[in-house]
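Below is one structure, written out as structure tokens, with a few remarks after it.
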Amino acid sequence: MIYTRTPAELEKMRDAGKLLYEVLGQLKEMIRPGVTTLEIDREAERLIRKGGAIPSFKGYEGFPFTICASPDDQVVHGFANDKPLVEGQILSVDCGLILKGWQSDSAFTHPVGKISKEREKLIRVTEECFWIGAREAREGNRIGDIGYAIQKHAESHGYGVIRDLCGHGIGTEMHEDPSVPNYGRPGRGVRLREGMTIAIEPMIAMGDWGVYVEDDGWTIKTDDHSVCSHYEHTIAITKGDPEILSYPGFRFTEAKR
């Protein structure tokens, strides 16, 4: 079932998004050589609970951590561990929280110290994919318009768009209808309506889009072990540009075209 949110419900999702934005901003400052993802995970849980919220990932279908910590060729769902990060890596951090019953979900990829130009470009293009796709997330458009815009931009740079994983509706549950793929055909799929809330999350690989699941049952890696970048925000559909609920104060005119 696809829900639309009332103004009061959207205000609660804004509050959740604001807190998550603040938490992720502090986590970014921790990412450097020598720090462990387990340290980042523990700080994420501390900050979320300090803000009066609950980590939405921890315990979800048995997932044991507050963040998904996915370096290099890990696409998503990486387990935090006590192995120090190394200069030149990239680290994707995906995190969600529940504040007064309402969810927010967001992800970013960040360099560990100095990284190669190729990795810098991958991170930049992945973020561009989000903004280009999100511009299509407006009343009257369809889910396929979002995926097509993301796919077109990523593939124009020779990158692979991960197809086995996608964005999703979000509200009182972390994963709701509809699914929001990062590829597709324009004019196809669910029609977007004002008040719908979705998470758009491009996962873009430097190589091919094929993936596999590690023996832990969670960590997803690229088949060819090419590095992958991930960027996500929770958004609300409006009559005009979408509202980025997990990026408080953002106005869409600020985004790069």
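Residue-wise HN-Hα couplings along segment 208-223, as the Karplus relation 6.51 cos²θ - 1.76 cosθ + 1.60 with θ = phi - 60° gives them from phi, are 7, 8, x, 9, 9, 9, 5, 5, 6, x, 10, 4, 10, 10, 6, 4 Hz; Gly and Pro carry x. One Cα centroid belongs to segment 201-257, the other to segment 166-187; the line between them spans 12 Å.
When shorter helices are ignored and each DSSP H run of at least 4 residues is given -39500 (n - 2.57), the per-residue value for the chain at 222 nm works out to -9000 deg cm²/dmol.
Considering only Cα-Cα distances, which of the following residue pairs are longer than 23 Å: Lys28/Lys239; Lys28/Lys58; Lys83/Lys221; Lys28/Lys83; Lys12/Lys221; Lys121/Lys152? Please report the intermediate quantities before stating the final value.
Values: Lys28/Lys239 33 Å; Lys28/Lys58 20 Å; Lys83/Lys221 18 Å; Lys28/Lys83 18 Å; Lys12/Lys221 34 Å; Lys121/Lys152 16 Å.
In this structure, Lys28/Lys239; Lys12/Lys221 exceed 23 Å between Cα atoms.
Annotation: amide H of Glu176 within the under-5 Å range of Gly169, Ile170, sequence separation 5 or more or interchain, hydrogens built in the peptide plane. When the Gaussian network model of the chain links Cα atoms closer than 10 Å, the mean-square fluctuations of Met203, Met13, Met30 top out at Met30. An oblate overall shape is assigned to the chain, the ratio a/c of its alpha-carbon gyration tensor axes (a ≥ b ≥ c) being 1.5 or greater and a/b not exceeding b/c. Rounded to the nearest Å, what's the spacing between the alpha carbon centres of segment 18-41 and segment 97-146? Just the number, please. With segment 18-41 and segment 97-146 each reduced to a Cα centre, they are spaced 17 Å.
Take segment 57-193 with all the other protein chains still there, run a 1.4 Å probe, and you get 41 Å² of accessible area per residue.
Determine the sum of side-chain charges near Arg188: Lys and Arg each +1, Asp and Glu each -1, restricted to other residues whose C-beta is under 11 angstrom from that of Arg188. Charge balance in the 11 Å sphere: +2.
The values are calculated or read from the model by the stated rules, or taken from the named source; none is laboratory data. A quick note: this is a predicted structure, and the numbers were derived from the prediction, not measured. Backbone-built Cβ (ideal geometry, glycine too); neighbour counts: all protein chains shown. Accessible surface areas use protein heavy atoms only, side chains included; no ligands, DNA or RNA. Shrake-Rupley method; radii C 1.70, N 1.55, O 1.52, S 1.80 Å.
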